[in-house]
Every structure is written in structure tokens, then in C-alpha cells.
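Step one of this worksheet: look at the structure below.
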Amino acid sequence: MVFEYAPAPESTKVVNLKTNYELFIDGKFVKSKNGSTYKTINPATEEVLAEIIEASSEDIDYAVNSARKAFKSWSKLSGAERGKYIYRIARLIQERSRELAVLESMNNGKPIRESRDIDIPLVAAHFFHYAGWADKLDYAGLGKNPQPLGVAGQIIPWNFPLLMLAWKIAPALAAGNTVVLKPAETTPLTALLFAEICQQAELPDGVVNIVTGAGETGRFLVEHPEIDKVAFTGSTEVGRLIAQAVAGTDKKVTLELGGKAANIVFDDAAMDQAVEGVINGIFFNQGHVCCAGSRLLLQESISDEFLNLLYERMKTLRMGDPLDKNTDIGAINSAAQLAKIHALTQAGKSEGAEMWSAPCEIPNKGFWFAPTVFTNVSLSHRIAREEIFGPVLSVLTFRTPDEAIEKANNTPFGLSAGIWTEKGSRILEVAHRLRAGVIWANTFNKFDPTSPFGGYKESGYGREGGRQGLEAYLKAGK
Amino acid sequence: MSNIDVKRTAKLFIGGAFPRSESGRTYEIFDNNQNFLANVALASRKDARDAVVAARSAFTKWSEATAYNRAQVLYRVSELMQGRREQFVEELNLCSKSNKHAENEVDEAINLMVWFAGWADKIAMVTGSSNPVAGPFFDFSIPEPTGVVAAIAPDKSPLLGLVETIASIVVGGNAVIVIASETQPLPAISLAEVLATSDVPGGVVNILTGSYKEIAPWLASHQDVNAIDLSGVESKAIALELEKEAAINLKRVLRPNTKMDGLTRIKTFLETKTVWHPRGF
């Protein structure tokens, strides 16, 4: 039975959009020296939201020099004082959370339910957690009096724009570094609002610098000689380029890259919970999640029963206006991403897999892709090997736990995995043998500032979150 | 009647066996006075690849061994090194500054092996964590080995540097392919004999002799190697090339001249795995 809901859109009045945005450098919004501009849109409506600067190498130079100048005093400030600034930021984020959530959904296309209940609360939590670390760095695991690295160049993706900013900036600042952060080309708006928050927090000038732009701007930042640390979240392809670009330098690097997680359901799993977990695993944030459970591994004996439950549940998913509180599936973030999803699903069909999509009404404007499942998938299919980064689930089956583990590990990625079974010893053994950085057992897609997150193999290196995440911005004291 | 010495053939150590280089090549090494010492196996690309295969197949079992077991196995290595102390000193002396210097290096190497052995069952306690997440979940993080590690051992410290390289990598459960000191490979060959008669499973440690300039690029670009330790690379240009090659499959890279304590070195070749489970009736 499907309940009809009246539209319940969140008001956009809480957001004050400017027609064009400047760069945030040395504590001020400044014009580009010679950069061009582009328009950022709402992917659910294709309406232009604002004009954004594509920062040039001169702009990056200015931002990095400002961060370098600010580093001298910021790194000498006592940890307790640095911490208080970060606490201020955490509180300001909580105070302005509705505004941030609405703006995030407008610029990214994600359902307001997620930006309001997951993204923004986690952003505040990350700043709150790392604020408390600032005066406790002796306990970070690097011995007494560890030192910050210097200026961090940080590049973040469009799938969790403000959350990824928090993962990058909070530990960097707590450890005494200053930062130049480039938000993703398609989702710069909450980062620019965050710049305002830095001003309201009276954060010293130059400690946080926000520069907008696309890949070329990112390259200027990574290759800038005055950067001491590069932190990147994004595709494995770009991660490789960054690893090559920093070769032979003293720059430290953390990379949070792609994934192709297996979500393994055993025959004794609690079925309804597992169905919900699989839905959350792949359709959360339209599947724009590096740790998404994009490969469902079903034990053969329950595969028909499970798939029927899954299809029934998928039929009730609501796709549409991201600002509507009842929406489950929002818009695909960009035309380019939608084209990539189409290309890979097309490859799935032509390689012989069977495609089923939930019956959703596709809005006339914007970028949309209905929740989709592929069956008859083999390990060699592109849809089983490549990251689709969309609401597309590939289903494989297995007979024995060994076969499940073998298939789960048969990928160059190693970011996350899921296990569904009621047997405790099996959870621990499978978790032990999966080569992935985050294992969710009888749950999926859970995040917390105290919980280290990051990949094995080609999913990148370094961890974000917790004490381990702090270490990525520190070096041993003399 | 005088007795003629039986001389040892200097071979590679791959998968617990002592093969010659498949290429059939050797190179000559000399002592401080330019006297001929031995023809040492000159490892080839194929030998390096064979070593990766051996390391990969040994990795699963070694990484599954209990930490207590790994500690005992590595401690046993130090026991056997002690038994060969005189042999190591003699080999180091051939190229060393002084006898005292050689003795010190051997004693330090044995002590370092004991030190690293003791870390096996403490790494998880010190670097792992139970994470107090904001919700009804049990959440913990533990260190796990990165996998197969390729390493270029320091040329100038043919035993101590080699022991530090090997021990810091395998104590956490990794398997290693290490390129020994090119100019002074004899202590490495003796260490291989120690390892072969210890309880370290074949393939966990693989020792290649020869030119790292020739072999290392094949290991740096190898898709089944997960990390590379460039500690022994003296040329900046070569280190740059190797790091670029390593980016192909995003290997973890330890750059040359990185100053770090022993535990940080161990951690360089470890991953953090975080496991979540809900609480509830």
C-alpha cells in the first residue's frame, strides 16, 4: 500500500543567495586577480543559483601565501585558544543548521531529510570533536609536543560538500595547520557560507581560505610549492594524478578515493533489516557515496525471496523535490554525472545483465535516475567492477562464506563492506577477512567523528576521523 | 696438510628457497682492500616478480597468525642471529671501518630484532581504539597489515638497516621483498640463512641481491605490491621515478630520509580497519 503525501517543501527563505560570490582569502571576500567565472545551479531544477569564480594560479598563490602567513601565529597560539575558535565554529554551524541544510540540498540535490538530519549535524559534531583535541595533542599518538605540518591544500568532492569540508578543516585546524580548501566545482555554496561563519567566529585572517574552481584550480593548489600537506577526497583516477604530482616532494598526502563495496547478506540475516540496510547502502544520497554498498552479495538460497522484498521496498521510494521532507531520492548532482551513470548502466545491459528500475515519475527538469537493480551480474562486468556513483545496485550470489569473501575482495578498491547475519562469530570472521577500511555489520553507511574512515588498496590512504585522523595533520615533535 | 675452505655460493632467497638468479647473472663483490670476495646473484625483473608471487601467497597465512605467534617467530630469529654473531661480524668487517664498529652493528641488529618482535602483540593495543560514537553501536578500529611490501634496504648499513626494514614490515603481518645492500650483500645472505632455519614461513621475507636501480622500478610498478619502502634510495631522481611508478596502484610510499621512530615505521605499513555493529536486544 502506498500512502499519498501532500507536498511538504522546506522553505528556501532562510537562504540569502548572492548573485555572485568572491573568493575567501586572508579573512576577506576578494575578487579574482584574473580568473574566469561559471554558474552554479540547482540540479533538481537546473536554475542558476549564483555566479562563482574559477580561481587562477595567481589566486591560489595569494591564498597559499595568506595561509602561510597565518600559520606563524595560528600554530603558536595555545591549543586551548585554538580549540575555542573551533568550538565557536561548531556552535555557529548548529545555530545556522537549517540555512546550511537547505542550501546544501539546493546546490547538491540531496533530500532535505539527509542534509538536515545527517550531513549538517555531523558537520557540527566533527568541529566539536576536533575542537577538544586542540589542547590534547600530546595524546594523539606521536609522543610529546607534536607539531603541525604547515599549510594544508584540501580538495573535496560534491557528494557531501559541507561534511567533507568539516572532515578536512576540523582536524587540520585543531592540529595547528592553516588551510586552503577548494570545494567541488558543482557544489561551492555551503563552503562559501562556511567562510562567513569563519568571519562570525572571528577566526584569525588566513587560517581558512576558500578558493572555488574546477580541476585546474585544484591542480594549482596541489602543485603549489608552499603546500605541506595535500588532502583529497574524490575519484581514484584523480588520486593517482595527485600521488604522482607530489612524488619527490616533502608533501604529506591523504587520499580518500573510490569504492565498490560488497554488501553481503547471509541466509540467516534478519531479512527486513537487511533489506532496509541494502536500500540505505546504495540509495542513500542517490548512491553518490564512495562507500556505497554497490555490490549486493546474496546467499543463493535466499536470493529470490530477498530480491522480491527489495523490489517491493524500492517501489515505495519517493523520488523528487530534494527540499520536500518526504523525499527519499533526490536529484543526480550534475548532467555529467547523469551521463556517466547512463553510460555504465548501458554497458551493464549490453554485457548481458538484467536491469530493473523502480517505477518513479521523473520530473521534467533537472537530473534524475530512478533506483535501479541489475541481476545476472558476473564479476567481470563493468557494473561489478567500476564505481557507478549513482543509485544502481549490482547483484551477485554466493554459496559459501569463503566464496562471499573471495568475491567481496575481488576488486582493486577496499573502502567499505557490509555483513548481514545473526551469527556473531561469522560477523567477526568475515569482518576480519574483508580487505576494506570500514566494515558495517548489520548496519550500513554510519559515520561519526570519533570513528576512523578510509580505504585499503586503491581506495586511498590515511584515515579521517578520531585520533587516527588527527595524526594525518601532525608530525613528531623534536 | 692444509685444508681447503668450502666456499658458499651467494644466492637469492625467494619463497623460503635459495635459487640462483633465473637470468644466470652474477656480480663480483670486493672487500676494503679490493680483494675478490664472491660472485653474488644479480637479481632480474623475473626474480623480482617471482618474489612478489611468493610474498603474496605467504601473506594470507602470516597475516592470520596470532600476534603472539608472530612475536615468538621473530624473537626466534634474534636467537639464531645471536648464534651467528661471529659470522656477521666477520662479514661486516670485510667492508667495515673497524672491528668495534662491526660488533656494534651486529649487537644493535640483534637487539632491534628483539625490540620489534615484542611489538607484535602490542601494536593493536597502542594504535587501535574503541570509538565512542554518538549512537547505539559498538565501534572499534584495529590495525591490519597492508599486504605485500617492497623495500630497498640502506646500502650503508647492510645488517642493521636490513633488520630494521624487514622486522618493521613483517611484525605487523606483511610479507616483504627486500633488495639488500648492493655493495655489501653478504650479511643479507647470512640473514637469509637465519630466516630459512627459523620459523618464519617461506615467502614472508624474500631477499634479492643486485642493483636496486634495475629491480626496484619493476616492484614499484607491480600491481600486486601494496607499499614500497624507499629508505635505501640515495638518488633523488630515482626516488622520484619510483614514487611516480608507485602511484599507479596507489601504493603506500615511505620516502627516503624520513625520520621516524620504530612504531611510526611499523604503522607506515598498516591499515586501520573500523568495524561497526548495532547494540540492541
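The values are calculated or read from the model by the stated rules, or taken from the named source; none is laboratory data. Values in this document were obtained by computation on a predicted structure and should not be read as measured data. Positions of Cβ are generated from backbone atoms using ideal geometry, with glycine treated the same way; all protein chains shown enter the neighbour counts. Surface accessibility is based on the protein's heavy atoms, side chains included, excluding ligands, DNA and RNA. Shrake-Rupley method; radii C 1.70, N 1.55, O 1.52, S 1.80 Å.
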- Task: Report the relative contact order of region B:108-208, percent, no decimals, based on alpha-carbon pairs under 8 angstrom and at least 6 residues apart.
- Result: 26
- Buried accessible area between B and A, both sides, 1.4 Å probe, in Å² rounded to 100, is 3100
- In whole Hz, the Karplus estimates of ³J(HN,Hα) for region B:95-110 (6.51, -1.76, 1.60; θ = phi - 60°; x where Gly or Pro) are 10, 8, 6, 7, 4, 4, 4, 5, 4, 4, 4, 5, 4, 5, 5, 5
- Item | Mean separation of Cα contacts under 8 Å (6+ apart) over length of region B:26-278, as relative contact order % | 26
- Item | Area of A:ARG385 that stays accessible when all protein chains are in place (1.4 Å probe, Å², to 10) | 80
- Value of [θ]222 nm, deg cm²/dmol, for chain B, DSSP H segments ≥ 4, -39500 (n - 2.57) each, nearest 500: -13500 deg cm²/dmol
- Can you give the angle from 0 to 90° between the axis of helix B:45-64 and the longest principal axis of chain B, with both taken from C-alpha atoms, to the nearest 10? 40
- Please calculate how many Å² of accessible area chain B carries per residue, with a 1.4 Å probe and no DNA, RNA or ligand atoms counted. 43
- Note on the structure: In degrees, nearest 10, the alpha-carbon axis of helix A:57-74 is tilted away from the dominant principal axis of the alpha carbons of chain A by 70
- Heavy-atom accessible surface, probe 1.4 Å, ligands and DNA/RNA ignored: which residues of region A:135-168 lose at least 40 Å² versus the isolated chain? none
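Leaving ligands, DNA and RNA out of it, rank B:MET125, A:MET319, A:MET314, B:MET260 by accessible area with a 1.4 Å probe, largest first. Kindly include the intermediate steps, with their values, before the conclusion.
Values: B:MET125 145, A:MET319 30, A:MET314 0, B:MET260 65 Å².
Greatest to least solvent exposure: B:MET125, B:MET260, A:MET319, A:MET314.
Could you compute the net charge surrounding A:GLU386? Neighbours are other residues with a C-beta less than 13 Å from the C-beta of A:GLU386; K and R count +1, D and E count -1.
Details: positive: A:LYS260, A:ARG295, A:LYS340, A:ARG382, A:ARG385; negative: A:GLU237, A:GLU351, A:GLU387, A:GLU458.
Neighbour charge sum, excluding A:GLU386 itself: +1.
Residue separation times 0.36 nm, minus the C-alpha to C-alpha distance between B:GLU214 and B:ASN33: what's the value?
Values: separation 181, 0.36 × 181 = 65.16 nm, distance 2.68 nm.
Gain on extension, B:GLU214 to B:ASN33, equals 62.5 nm.
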- Message: Going 7 Å from the Cα of A:GLU216 along its beta-carbon direction, which residues of region A:28-60 have the amide nitrogen within less than 18 Å of the resulting point?
- Response: A:32-40, A:52-60
- Query: Angle between the Cα long axis of helix A:189-200 and the longest principal axis of chain A, 0 to 90 degrees, nearest 10?
  - Reply: 40
- Report the residues of region B:83-106 in range of a label on B:THR197: point 7 Å along Cα→C-beta, backbone N strictly under 20 Å from it. B:83-93, B:106
- Message: With a 1.4 Å probe and all protein chains left in place, how much accessible area per residue does region A:390-448 have, in Å²?
- Response: 32
- Task: Using R₀ = 35 Å, calculate the FRET efficiency as 1/(1 + (r/R₀)^6) where r is the Cβ-Cβ separation of A:ASP138 and A:GLU226; round to 0.05.
- Result: 0.80
- Task: Express in whole angstrom the spacing between the alpha-carbon centres of region A:141-189 and region A:51-100.
- Result: 9
- Note on the structure: For the protein assembly as shown, the dipole about the Cα centre with charges only on Cβ (Lys and Arg +1, Asp and Glu -1), to the nearest 20 debye, works out at 1020
- Where the centroid of each part is defined by its Cα atoms, how far is region A:397-451 from region A:283-330 in Å? 19
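Applying 1/(1 + (r/R0)^6) with R0 = 56 Å to the Cβ-Cβ distance of B:GLU234 and A:LYS39, what FRET efficiency is obtained, to the nearest 0.05?
Details: r = 52 Å, r/R0 = 0.93.
Calculated value: 0.60.
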- Task: Heads up, I need the accessible area for A:ARG91: 1.4 angstrom probe, whole protein in place, Å², nearest 10.
- Result: 120
- Sort A:SER425, A:SER235, A:SER334 from largest to smallest accessible area, using a 1.4 Å probe on the heavy atoms of the protein chains. A:SER425, A:SER235, A:SER334
- Using a 1.4 Å probe on heavy atoms of the protein chains only, the accessible area for A:GLU226 in Å², nearest 10, reads 80
- Message: Under 22 Å between alpha carbons, and skipping anything fewer than 8 positions from A:LYS84 in its own chain: which lysines qualify?
- Response: A:LYS28, A:LYS69, A:LYS72, A:LYS76, A:LYS136, A:LYS144, A:LYS168
- Note on the structure: Per-residue ellipticity at 222 nm attributable to helices in chain A (runs of n ≥ 4 DSSP H, -39500 (n - 2.57) apiece, nearest 500 deg cm²/dmol) works out to -11500 deg cm²/dmol
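Calculate the FRET efficiency for A:GLN94 and B:ASP107 from the Cβ-Cβ distance with a Förster distance of 41 Å, rounded to the nearest 0.05. Present the calculation step by step, with values, prior to reporting the outcome.
Working: r = 59 Å, r/R0 = 1.44.
FRET efficiency, A:GLN94 to B:ASP107: 0.10.
Run the accessible area of the protein assembly as shown with a 1.4 Å probe and give the carbon-and-sulfur part as a rounded percent.
Values: 15320 of 29430 Å².
C and S fraction of accessible area: 52 percent.
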- Message: Please enumerate, by chain and number, the aspartates and glutamates with C-alpha under 12 Å from the C-alpha of A:LYS39, excluding those fewer than 8 residues away in the same chain.
- Response: A:GLU47, A:GLU51, A:GLU54, A:GLU185
- Spin-label model distance (nm) - B:VAL6 vs A:LYS423, 7 Å beyond Cα toward Cβ: 5.4
